[in-house]
Amino acid sequence: MRKIKYKKGRKLQHITLEYTGTHKGHETEMQLFVYDDTDVVEYDKFTVLALNSCFDYTKNNWLNIHGLNDINLIKTIGAHFKVDDFLLADILNTTKRTKLEEQKDVLFFNIKSLLPSEYSDNISVEQISFILKDGILISFQEKRSDFFAHIRERLRTHAGIVRTKKVDYLLYLLLDAVMENFYITIEDEEDKIEELINLTKKGADPIILEKIENHRDNFNFLKRSIVPLRDSLYYLKTIKDDDENSLIQKETFNFFIRLHQKSLELLEQIESDMSALESASNFYFSEQSRKMNEIMKTLTIISAVFIPLTFIVGVYGMNFENMPELKTQNGYFVVMGIMFLLVIALIIYFKKRRWF
């Protein structure tokens, strides 16, 4: 059974607006922050009716949407901000890989947020998408979560420099918060690998090998999620000197370069952990081979002890008339004594040779 809670889903046309994720029971809600260096206004129960009245285009605007089940609301948001339908389709289609799409006045970014499941070895997946326009950042989450709680608090309390920057810096903070989930997931996997290594030292239970293979699948999935993220961040890194892109400020590019470095660190850590997992797998098979060798050695020693005894029994089991020993009064006890001494002699010999 595949352990990762990530379904391929059915294939859709590029502009088909249909939510393909697993969080279909979450009601769509919106939250708006309008802020600058001097003030912040928060609309917690924001509705589409307030699109024209609450946005202040002289300030920074962050619209965060939880839940993607209300397709009409997503269409209304897209129409209001002149977002192409194929970008809306990418937001709703959670089977798409991480990507960066740059248009004349829009920067689209989506990313997979991965976290370990609480009661199993599964990895929970949520797609988070961002649309960056001049003075506007729209984020789309499949469900309500606490990924950005500390960023909201920084906006409210004017902590750090977030309110002195444009929304491109806010996009950096949100991406950085999502990438922190990768570290949490990898650390959780590392703890489980350490437990598996300890289990392989105690025994060679077949369930251990099954767990090793499941965690190998988890790491492969993590790698497949981070590689396109690395490529997208590298693209941002390469357009640093492109004067045509006005959505990201020159001084903000350095922060996105940091995210690119983080993605490289994550991939390096995954490679290291996969090597540790391979070592655990090799140790498991080595332990299996060692136990098999021990069993074979024991059986070989038993066979070696009984081979001469079988020979003696076979000799005296022949049906010849003239076998002098058969008429001897104490022949049976003599032969049994010789066989007993032979067994003792063989055991002493094997012991001196350290064969067991």
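Pick from SER272, SER129, SER53: which is most flexible by mean-square fluctuation in a GNM of the chain where alpha carbon atoms under 10 Å apart are linked?
Comparing SER272, SER129, SER53 in the GNM, the peak value goes to SER53.
Assuming 0.36 nm per residue, please report the length gained on full extension of the stretch MET318 to LYS24 beyond their Cα-Cα distance.
Length gained between MET318 and LYS24: 97.5 nm.
Hey, in the GNM for the chain with a 10 angstrom Cα cutoff, which one of ILE301, ILE212, ILE71 fluctuates hardest?
Per the Cα network of the chain with a 10 Å cutoff, ILE301 tops the list.
With labels modelled as points extended 7 Å from the Cα through the Cβ direction, what inter-label distance (nm, one decimal) is found for PHE285 paired with THR58?
Distance between label points: 7.0 nm.
Carbon and sulfur together cover what percent of the accessible area of the chain at a 1.4 Å probe radius? Walk me through the intermediate numbers first.
Details: 10910 of 19790 Å².
Exposed carbon and sulfur together represent 55 percent of the surface.
What is the sum of charges, Lys and Arg at +1 and Asp and Glu at -1, for the other residues whose Cβ falls under 13 Å from the Cβ of GLU29?
Residues close to GLU29 contribute a combined charge of -1.
Mind telling me which of VAL34, VAL227, VAL334 comes out most flexible in a GNM of the chain, alpha-carbon contacts under 10 Å?
VAL334
Excluding ligands, DNA and RNA, what is the solvent-accessible area per residue of region 129-249 at a probe of 1.4 Å, expressed in Å²?
Value returned for region 129-249: 44 Å² of accessible area per residue.
[x] 133; [y] 213; [z] 145: which one is volume of the Cα convex hull per residue in Å³ as calculated from this entry?
Computing volume of the Cα convex hull per residue in Å³ and matching it to [x] 133; [y] 213; [z] 145 gives [y].
Applying the Karplus parametrisation 6.51 cos²θ - 1.76 cosθ + 1.60 with θ = phi - 60° to the phi angles of region 144-152, what ³J(HN,Hα) value in whole Hz is obtained for each residue in order, glycine and proline being reported as x?
6, 8, 9, 4, 10, 4, 5, 6, 4
Per 0.36 nm of contour for each residue apart, how much would the distance between LYS352 and MET292 grow if the chain were fully extended, relative to their Cα-Cα spacing? Display every interim value, and only then the final one.
Working: separation 60, 0.36 × 60 = 21.60 nm, distance 2.27 nm.
Working it through step by step, the gained length comes to 19.3 nm.
How large is the helix-only mean residue ellipticity at 222 nm for the chain, computed as the sum of -39500 (n - 2.57) over DSSP H runs with n ≥ 4, divided by its residue count, in deg cm²/dmol to the nearest 500?
On the way: 8 runs with 186 residues, N = 356.
Result for the chain, helices only: -18500 deg cm²/dmol.
Checking the a/c ratio against 1.5 first, then a/b against b/c, what shape does the Cα gyration tensor give for region 137-245?
Numbers: a/c = 3.41, a/b = 2.03, b/c = 1.68.
Verdict is prolate for region 137-245.
Using only Cα atoms, tell me the angle between helix 253-316 and the longest principal axis of the chain; keep it within 0 to 90° and round to the nearest 10.
10
Tell me the accessible surface of ILE312 in square angstrom (1.4 angstrom probe, heavy atoms of protein chains only), to the nearest ten.
30
The values are calculated or read from the model by the stated rules, or taken from the named source; none is laboratory data. In this text, all values refer to a predicted model and were calculated from it rather than measured experimentally. Neighbour counts run over all protein chains shown; Cβ positions are idealised from the backbone, glycine included. Ligands, DNA and RNA are stripped out before the accessible areas are found, and what is left, the full protein with its side chains, is counted by its heavy atoms. Shrake-Rupley method; radii C 1.70, N 1.55, O 1.52, S 1.80 Å.
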